[in-house]
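The values are calculated or read from the model by the stated rules, or taken from the named source; none is laboratory data. All values derive from a computational prediction rather than experimental measurement. FYI the Cβ positions are ideal-geometry reconstructions off the backbone, even for glycines, and counts take in every protein chain you see.
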Amino acid sequence: MKVGYTEFSFGYAFTENLIRSSSAAPVGAPVFPNLIQEGHSGVDIRINFPGVPLFFQYKLPELMKRGTAFEIASGHCPGLSIPFFRIAMMRRDVSRQHKLLLRLEARYPSNVFYAAPCIANISDFDRPYSGATVARQSIFVSPGDIGPLPDDKANSLGYKPGLATGYFVETQAHQSSNI
């Protein structure tokens with residue numbers, strides 16, 4: 001099920017809330033690369049906090065509500081239960097995004113993340129935005145925790161708020177690993 005808000009809305013709310021709730025203001029404005037620049041860096045945004053830049057690739061999830069979801073039906077994701085969120089990874093044969101993020105993370109360890117919301121729908125989106133908690137109601141996944149994509153198949157991440165583990169799943173083979 002679609003969450004009902006856009007990746008752009010999430011990215012804006014996440015960025016604005018993260019900066020507003022930070023104890024130190026960034027040095028300059030956030031940098032949102034254009035599509036060509038994003039194709040070379042893999043990131044949606046660079047925020048230059050004093051001494052440490054942060055890089056994010058925003059991902060918009062689908063809310064999975066049925067037990068037939070392969071993460072649940074396969075039994076390979078212990079602790080994950082419905083409802084949960086799933087984000088699709090860009091396929092390796094379609095995009096270099098994940099490889100670029102791994103390369104950037106090698107240069108900036110602990111500063112590069114996929115960011116995805118734990119907000120189920122548009123009606124629940126306004127409250128965290130108004131309370132400046134969109135970033136706190138999101139997950140942060142290091143590309144290095146995922147590692148190189150194993151193949152050119154569809155892969156995804158399954159996660160749930162409050163669950164300490166997320167799952168990287170090779171969709172077609174229904175194999176998973178903890179992230």
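Can you give me the ranges of the helices (runs of 4 or more DSSP H) entirely in the range 1-95 with at least 3 residues that are within 25 Å of K153 (Cα to Cα)?
Filter on the range 1-95 gives 35-41, 70-73.
Looking at (1) in contact with a Lys or Arg (Cβ under 6 Å, 6 or more places away or on another chain); (2) part of a loop (DSSP other than H, G, I, E, B), which is the only condition G158 fails?
Single failed check for G158: (2).
Are any residues in the range 1-26 of a type in the set (A, V, I, L, M, F, W, C), surrounded by fewer than 18 Cβ atoms within 10 Å (Cβ to Cβ) and over 23 Å from G51 (Cα atoms), and if so, which ones?
M1, F8
Each row is one residue, and each column tells you yes or no for (1) closer than 25 Å to T68 by Cα; (2) modelled with pLDDT under 95; (3) in contact with a Lys or Arg (Cβ under 6 Å, 6 or more places away or on another chain).
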site	(1), (2), (3)
M89	yes, yes, no
S95	no, yes, no
L104	no, no, no
N111	no, no, no
S130	no, yes, no
T171	yes, yes, no
Q175	yes, yes, no
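What are the pairs, 6+ residues apart or on separate chains, where a residue within the range 146-162 that is over 23 Å from P117 (Cα atoms) has its Cβ under 6 Å from a residue that is loosely packed, with under 13 Cβ neighbours inside 10 Å?
D152/D93; K153/Q172
Quick check on this structure: which one of G42, G75 is of a type in the set (G, A, S) and within 22 Å of A29 (Cα to Cα)?
G42
One residue is enough: does the range 118-138 have a residue meeting the conditions in contact with a strand residue (DSSP E or B) (Cβ under 7 Å, 6 or more places away or on another chain), among the charged types (D, E, K, R) and farther than 15 Å from F56 by Cβ?
Scanning the range 118-138, I find no residue that is in contact with a strand residue (DSSP E or B) (Cβ under 7 Å, 6 or more places away or on another chain), among the charged types (D, E, K, R) and farther than 15 Å from F56 by Cβ, so the answer is no.
For the range 138-155, what are the residues that are assigned to a loop (DSSP other than H, G, I, E, B) and either over 19 Å from F84 (Cα atoms) or under 12 Å from the mean Cα position of the chain (by Cα) (or both)?
S142, G147, P148, L149, P150, D151, D152, K153
Can you give me the number of residues within the range 100-146 that are in contact with a Phe, Trp or Tyr (Cβ under 7 Å, 6 or more places away or on another chain) and loosely packed, with under 15 Cβ neighbours inside 10 Å?
Qualifying residue count, the range 100-146: 3.
Residues are listed down the side, and each one gets a yes or a no for (1) of a type in the set (S, T, N, Q); (2) on the phi < 0 side of the Ramachandran plot:
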| site | (1), (2) |
| --- | --- |
| N121 | yes, yes |
| D126 | no, yes |
| G131 | no, yes |
| R136 | no, yes |
| F140 | no, yes |
| G147 | no, no |
| D152 | no, yes |
| S156 | yes, yes |
| P161 | no, yes |
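Which residues, counting only those in the range 85-99, are surrounded by 14 or more Cβ atoms within 10 Å (Cβ to Cβ), out of contact with any Pro (no Cβ under 9 Å at 6 or more places or on another chain) and of a type in the set (A, V, I, L, M, F, W, C)?
Of everything in the range 85-99, those that are surrounded by 14 or more Cβ atoms within 10 Å (Cβ to Cβ), out of contact with any Pro (no Cβ under 9 Å at 6 or more places or on another chain) and of a type in the set (A, V, I, L, M, F, W, C) turn out to be M89, M90.
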